Amino acid sequence: MIQFEQVSKTYPGGHQALSQVNFQVKPGEMAFLTGHSGAGKSTLLKLISLMERPTTGRVLINGHDLRKMSASQVPYVRRDIGMIFQDHRLLMDKTVFDNVALPLIIEGYSVQEARKRVHAALDKVGLLDKVRHYPTMLSGGEQQRVGIARAVVTKPPILLADEPTGNLDPKLSMEIIRLFEAFNQVGVSVLIATHDLGLIARLRYRTLTLREGRLIDDGLQPEAQP
Amino acid sequence: MSLLFRNREIEKGASQRLKLSPARRFVMYWVHHVQQGVASLGELTRNPFASFMTMAVLGLSLTLPTTLYVLVKNTQSISAEWQQASQITVFIRDGVKPAAVQTLQQTLRLNKKIAAVEWVDKAAALQEFREKSGFGEALDALDSNPLPDVLLVTPAQQFRSSEAAKRLLFELEQNPEVAYGKLDVQWLTRLHALLGLAQDILGGLALLLCLAVVLIVSNTIRLNILSKKDEIIVMKLVGATASFIQRPFLYTGMWYGFVGGVIAWCATSLLLWWIEGAVTRVTDLYQSQFNLAGLTLSEMLVVWAFAIGLGLLGSFLAVRRHIKMIEPS
Ligand SMILES: Nc1ncnc2c1ncn2[C@@H]1O[C@H](COP(=O)(O)OP(=O)(O)O)[C@@H](O)[C@H]1O
Ligand SMILES: [Mg+2]
């Protein structure tokens with residue numbers, strides 16, 4: 001589903017954020033990406049969503065080489081990827097409904113056509129009653145769930161999350177992870193970047209560990225490895 | 001349509017749209033655009049002051065060339081009229097007998113190039129001058145009449161252009177009785193040169209003002225874009241194409257032109273009304289009737305189309321440059 005082949009990324013200025021990264025996430029797999037701050041987790045996710053391009057090596061999604069994607073094709077690639085951010089990136093002057101409907105509107109849905117799907121997505125994250133609210137009226141955990149609803153409303157085959165639990169307490173964090181598990185169970189490939197090792201330790205998922213841009217571990221849990 | 005996943009479930013909205021007939025899809029396309037256009041009208045009210053300033057600048061900038069255009073147009077029609085009425089004043093040599101003058105008058109009347117010949121008798125002219133000028137006694141002191149006989153020749157319709165009239169004048173001067181003739185074409189030539197100059201200035205001015213308008217609209221749209229930077233980033237993150245993001249800004253530019261065009265109409269009419277007052281005071285002095293012709297309907301539409309075009313062009317330039325530069329990171 002997602003495949004990295006000898007991927008290196010050097011930012012302008014010379015900092016090497018990733019070096020020689022190889023791994024593969026299979027269809028329907030759920031995996032964590034971890035490492036200290038600055039290890040290159042966000043960079044790795046940005047290479048998948050084409051916010052950055054690799055310096056060398058190649059990234060493939062479903063067998064398609066992303067190097068071949070032109071600037072005008074980038075939006076269409078992103079429509080196949082649901083993205084979730086630590087700061088959730090909601091539009092604060094739009095209602096929850098408008099925020100979640102945005103990806104559908106972009107795909108050419110009318111508001112009426114979008115309504116059913118938006119409600120379904122909000123129902124899944126348990127926020128159906130907040131549809132008319134503005135994000136500022138919601139708690140941090142609720143805002144994050146609106147971000148998740150927006151990411152899944154088009155039912156993309158891939159979900160990427162960058163520190164989705166960064167600002168949340170352990171209980172709320174676990175709720176968010178459970179949501180990802182639910183999407184994973186219906187066949188979505190999920191890759192979650194987090195430095196919250198405590199959270200991962202309680203779960204049994206494949207964990208990719210980065211250190212200074214190198215993939216040093218591709219096992220179950222960092223603690224379980226020697 | 002999914003680029004990476006060939007068999008990804010086709011979305012409900014899209015599949016429904018595929019079933020629509022081409023005619024209905026065409027209608028839906030326009031309905032969609034009109035909806036978006038109206039929605040972007042709402043955007044203008046979010047920043048009413050800046051929007052209004054831009055529209056006003058656009059409208060007022062177009063007012064100046066439009067007004068100049070109307071004035072040049074009017075001057076052209078006046079000069080055409082004056083040219084039509086051009087007369088040749090033929091001065092008769094001193095000492096030519098009145099009978100000879102009469103013969104000449106009759107000969108000229110038979111000339112096909114000439115519509116009318118009026119003889120201003122020198123005795124009658126002196127009498128009139130004596131009565132009107134108040135120099136009666138001074139004139140009495142003269143032993144002979146200093147005024148020449150004059151024939152006022154009106155060329156026939158086809159010979160009234162300044163070129164033909166000049167040739168006719170030359171022909172008239174060949175008569176032995178004629179001292180010289182005078183066709184006041186010089187002022188006509190000057191007027192034409194002036195009109196040509198005015199047109200050139202108008203062209204240059206219009207070009208500069210249009211450029212200024214495009215830059216101003218482009219700058220306002222640029223500020224609009226920058227103030228929506230976060231929204232644009234989010235839209236790009238969830239897969240919006242550049243054209244989708246651009247569209248509302250292009251509509252905004254179109255509205256600037258739409259309203260700016262109407263402002264240009266109003267301001268031009270106001271300015272022309274004001275100028276007409278001044279012109280009427282002048283023409284009243286010359287006891288001539290004069291009506292300033294305003295913008296015709298088709299000219300108004302051209303101004304409007306121009307305003308909208310400039311608004312679109314300005315926003316297009318801003319959108320081209322600035323939406324590309326906003327990228328999620
Ligand atoms: N746009 C950028 N330009 C230059 N350096 C960057 C840029 N983005 C990230 N980096 C650097 O790359 C390294 C990896 O960053 P990042 O992928 O954000 O790490 P993580 O998400 O694991 O904290 C860091 O040292 C960071 O300073
Ligand atoms: Mg990061």
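The values are calculated or read from the model by the stated rules, or taken from the named source; none is laboratory data. These numbers were taken from a predicted model, which means no experiment stands behind them. Glycine also receives a Cβ, built like all others from the backbone with ideal geometry; neighbour counts cover every protein chain displayed.
Just a few scattered comments:
- First in region B:219-232 and in a helix (DSSP H, G or I), second anywhere and aromatic (Phe, Trp, Tyr), Cβ under 8 Å, 6 or more apart: B:220/B:256; B:221/B:249; B:224/B:249; B:225/B:249
- For region A:50-59, a tally of residues being crowded, with 18+ Cβ neighbours inside 10 Å and either more than 13 Å from ligand 1 (Cβ to nearest atom) or more than 11 Å from chain B (Cβ to nearest Cβ) (or both) returns 4.
- Residue B:313 being modelled with pLDDT of 95 or more and away from every other protein chain (no Cβ under 14 Å): yes
- If you go through region A:17-37 and keep only what is away from ligand 2 (no atom under 16 Å from the Cβ) and touching a Lys or Arg at 6+ places or on another chain (Cβ under 8 Å), you end up with A:19, A:20, A:29, A:30, A:31.
- For region B:291-329, the set of residues classified as within 24 Å of residue B:59 (Cα to Cα) and either in contact with a His (Cβ under 8 Å, 6 or more places away or on another chain) or part of a loop (DSSP other than H, G, I, E, B) (or both) consists of B:292, B:293, B:294, B:295, B:296, listed by residue number.
- For region A:77-96, the condition holds for no residue, the condition being that it is more than 21 Å from the chain's Cα centre (by Cα) and within 24 Å of residue B:8 (Cβ to Cβ).
- Enumeration of residues in region A:8-24 that are more than 10 Å from ligand 1 (Cβ to nearest atom) and either free of Cβ contacts under 8 Å to residues at least 40 places away in the same chain or within 14 Å of chain B (Cβ to nearest Cβ) (or both): A:24
- Conditions (1) in a strand (DSSP E or B); (2) of a type in the set (Gly, Ala, Ser); (3) closer than 30 Å to residue B:55 by Cβ; number of the one not met by residue B:115: (3)
- Of all the listed residues (B:264, B:293, B:318, B:307), the sole one being out of contact with any Ser or Thr (no Cβ under 8 Å at 6 or more places or on another chain) and assigned by TED's automatic domain parsing to the domain that holds residue B:51 is B:307.
- Just one of the listed residues (B:298, B:227) is within 27 Å of residue A:150 (Cα to Cα) and surrounded by fewer than 21 Cβ atoms within 10 Å (Cβ to Cβ), and it is B:227.
- Residues being at pLDDT 80 or above, out of contact with any helix residue (DSSP H, G or I) (no Cβ under 7 Å at 6 or more places or on another chain) and in a helix (DSSP H, G or I) - total across region B:178-205: 8
- Within region B:160-177, the set of residues being within 20 Å of residue B:119 (Cα to Cα), modelled with pLDDT under 85 and either among the β-branched types (Val, Ile, Thr) or in a helix (DSSP H, G or I) (or both) comprises just one member, B:165.
- Only listed residue being among the acidic types (Asp, Glu) and assigned by TED's automatic domain parsing to the domain that holds residue B:214, chosen from B:118, B:43: B:43
- Scanning region A:38-57 for residues that are within 9 Å of ligand 2 (Cβ to nearest atom) and either part of a strand (DSSP E or B) or hydroxyl-bearing (Ser, Thr, Tyr) (or both) yields A:42, A:43.
- Residue check, residue B:72 of a type outside the set (Asp, Glu), assigned to a helix (DSSP H, G or I) and touching a residue at least 60 places away in the same chain (Cβ under 8 Å): yes
- All positions within region A:26-48 that are within 14 Å of another protein chain (Cβ to nearest Cβ) and either more than 13 Å from ligand 1 (Cβ to nearest atom) or farther than 17 Å from residue A:191 by Cα (or both): A:27, A:28
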